[in-house]
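Before we start, here is the structure in question, set down as structure tokens.
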Amino acid sequence: METAKKGAMRKIAIVALGNGSAATARIIKAFYAQQENSHVRIYGLQNRVDNADIFYTEFGATVRDLYQSDTAIIALCAAGIVIRTLAPLLNDKGVEPPVLAIAEDGSAVVPLLGGVNGVNAMARAIAEALDVNAAITTSGELRFGTCLLNPPAGYALADIEQGKRFVADLLNGEPVSIDGDAPWLNDADLPLAAIAAHRIKITTAAQLKNSNELLIHPRSVIALIETISAEPAEDIKHALSAANIAQQSLACVVALSDAMTNMLLSDAANKLQVPLRFVSTHAALIPRSQNSLSPLFKEAKKNGVSLFIAEQPIDPNSIGIQRGNLTVIGLGPGAAEFMVPAAKQALAAAQDILGYETYVNMAGPFRADQVLHCTDNREEMLRARHAFELAAQGRNVVVVSSGDPGVFAMASAVLEALHESTDPHWHALNLQIFPGVSAALATAARAGAPLGHDFCVMSLSDNLKPWDVIENRLDHAAAADFALAFYNPISKTRPWQLGRALEIIAQHRSGDTVVVLGRDIGRPAEKLTTLTLAQLRPEHVDMRTLVIIGSSTTRTFARGDKFLADDSSASNNGDWVYTPRWYPLPPAK
Ligand code: SAH
């Protein structure tokens, strides 16, 4: 069954408006959680839905965003609501992900949009999981039992517009013949005839358009790049056209492993919209499956490109490895809406996820095919090396930190591990670091803008640096009148350090200096406290707290909700805190 778009990861959003659809949402989610190529999340309306992966407040904006980011939408509500919501977007060409409306109680499954992207296949699969019938309305699909315009992975339709006319002709009663190998049509209910004016043609050959032909190209050709020119994509196109092979029959581009870091290759593969794979030797080109490969037209080799053709469509994953990806991401403080979209995408594409157990759990839910490697918080260097070992095998690896990965977290450990390593495979993989909202920034935003002017960030932990260094830095930063943000302020094994730090600060700051304590910011137990330096005691602080000590100009004033009588929903106890962007001029001499 095909649930994903041509082997790529299919993002799926189950959108719920109320608790009435909880059971239906759960069944559909469980179904997709077992599918390798899909990434499924339940979106629940805030205050109406108790259990969801992501909570939203605006149905319209949320559904339109999902649509425009090519996410399949399974809306657990009336079809009319979905239609009205998406109507303004439907005139634009561009993405058309599958969109389905499903009755809250799971009694009706209605595919609405995304016919050529597999919406009917999704509708059938979901209907089966819910034990009902899908409301398929696509004539071709009903008549022939398959969508001719949506061939399975490994095959590409040459021209969709022509395909639509072709299907219309068949619906009009035209008989059809099949020329080539189309195993998925064996079960279809087509008006077959041995000789017919209309034919479905499956071939790797480039062909002229013929309105009586539905042309489908099997992706069974490999281009091996042996000499890298300035434009490998052009070389491949020339080689294909010299061999009379349709570009859509190209399954992947392959190069030798020592060229892994060459960006010309990845650009070329992107241009041709096929995966790029690497092999250590020419012999390794043989696919790891029963699919014999033969060289095609030696003369194509003069461009530095050799073509190979297989009997069956080629699964690019069966050839060599991809360039491994190691992505170090920050989850932000906790709440999913404060995670940057690039980090979410990296998580969706990850095969392996490494991190401290608490953070890995925070980054979930995960699919059954994703491997979690949870470790103790202190084993950072081991974890970093493990991540490189996995990524060097061509895997998509994500290392998670809370907040920002570069702030007292895994990005430095990962870079240190790479710096120490002489393994060329580690240096060849694609390492990226995606930022996150660090605890100091998240806490500051909740309080107002206490870091609105110059500030200094420190970890008070003396696990990895001498305490003398900390005292010295504190002394200077406090003397320089920076606002201060403290990470790792205290722990069971470091009980006295915060008290000593506060003594040093008190030598430079007055007792009425504003202090903000952010505990578990962005998480369910979030607590924000505003007090003064004179009031602050180490007992107010634990290792889940971020401490901000204001500068001499940091100030506070009452929040609006203090003026609202009896507003018990007002969530904020404290004042607004901010540090102005200016600084007082020294008195004129
Ligand atoms: N990379 C993280 C910091 C890791 S150090 C970041 O950028 O936020 C761990 C310290 O960060 C904790 O001791 C605490 O001081 C702070 N911290 C992390 N998450 C927090 C949160 N949600 N609320 C308050 N403080 C947090």
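The values are calculated or read from the model by the stated rules, or taken from the named source; none is laboratory data. Treat the numbers as computed from the prediction; the structure is a model and nothing was measured. Neighbour counts are summed over all protein chains in view; Cβ atoms, including those assigned to glycine, are modelled from backbone coordinates with ideal geometry. Ligands, DNA and RNA are excluded from the accessible area calculation, which covers all protein heavy atoms including side chains. Shrake-Rupley method; radii C 1.70, N 1.55, O 1.52, S 1.80 Å.
Using 20 Å bins from zero, what percent of all Cα-Cα pairs in the chain falls into each bin?
Taking all Cα pairs of the chain, the binned fractions are 17, 41, 30, 11, 1, 0 percent.
Roughly how many Å² of His540 are accessible to a 1.4 Å probe, to the nearest 10?
90 Å²
Now for a separate question. Please go through the residue pairs Lys492/Lys527; Lys29/Lys271; Lys465/Lys492 and name each one whose alpha carbons sit more than 27 Å apart in this structure.
Numbers: Lys492/Lys527 21 Å; Lys29/Lys271 34 Å; Lys465/Lys492 18 Å.
Check vs 27 Å cut-off fails for Lys29/Lys271.
Let me ask something additional. What number comes out for the charge environment of Asp53, summing +1 per Lys or Arg and -1 per Asp or Glu over other residues with Cβ under 14 Å away? Walk me through the intermediate numbers first.
Numbers: positive: Lys11, Arg26, Lys29, Arg41, Lys344, Arg367; negative: Asp50, Glu337.
Around Asp53, the charge tally is +4.
Another one. Run through the DSSP bridge list for the range 10-137 and note the antiparallel percent, rounded to the nearest 5.
Numbers: 4 of 23 bridges.
If I count the DSSP bridges inside the range 10-137, around 15 percent turn out antiparallel.
For the pair Ser69/Lys492, report the inter-label distance in nm, with labels modelled 7 Å from Cα in the Cβ direction.
For Ser69 paired with Lys492, the spin-label model returns 3.9 nm.
Under a plain spin-label model, where a point goes 7 Å from the Cα along Cα-to-Cβ, how far apart in nm are Glu36 and Ala87?
If labels sit at Glu36 and Ala87, their model points lie 4.3 nm apart.
In deg cm²/dmol, rounded to 500, what helix-only [θ] at 222 nm does the chain give when every DSSP H run of at least 4 residues adds -39500 (n - 2.57) and the total is split over its residues? Before the final figure, lay out each step's value.
Values: 16 runs with 158 residues, N = 589.
Value at 222 nm, helices only: -8000 deg cm²/dmol.
Can you tell me which of 204-211, 255-262 comes out highest on packing, and rank the rest after it, using the mean Cβ neighbours within 10 Å?
Working: 204-211: 12.9, 255-262: 17.5.
Top to bottom by mean Cβ count within 10 Å: 255-262, 204-211.
Identify, among Leu331, Ala343, Ile321, the residue whose Cα sits farthest towards the positive end of the charge dipole of the range 314-406, taking +1 on the Cβ of Lys and Arg and -1 on the Cβ of Asp and Glu, with the dipole about the Cα centre.
Ile321
While we're on this one: In whole angstrom, how far apart do the alpha carbon centroids of the range 190-204 and the range 480-523 sit?
Between the Cα centre of the range 190-204 and that of the range 480-523, the gap is 77 Å.
Which part of the range 266-287 falls in the paramagnetic zone of Asp258, meaning amide N under 14 Å from the point 7 Å along Cα-to-beta-carbon?
Backbone N within reach: 279-282.
Accessible area of Arg519, 1.4 Å probe, to the nearest 10 Å²?
The value for Arg519 is about 70 Å².
A further question on this structure: Ranked from highest to lowest mean number of other Cβ atoms within 10 Å per residue, what is the order of the peptides 183-192, 119-128? Don't skip to the end; give the middle numbers.
Details: 183-192: 12.9, 119-128: 22.3.
Per-residue mean Cβ counts within 10 Å order the peptides as 119-128, 183-192.
Another question about this same structure. Say R0 is 60 Å: what FRET efficiency, to the nearest 0.05, do Arg378 and Ser229 get from their beta-carbon distance? Before the final figure, lay out the partial values.
On the way: r = 49 Å, r/R0 = 0.82.
The computed FRET efficiency comes out at 0.75.
Something else about it: Largest first, what is the accessible-area ranking of Glu539, Glu380, Glu36 with a 1.4 Å probe? Walk me through the numbers on the way to the answer.
Values: Glu539 145, Glu380 60, Glu36 120 Å².
Descending order: Glu539, Glu36, Glu380.
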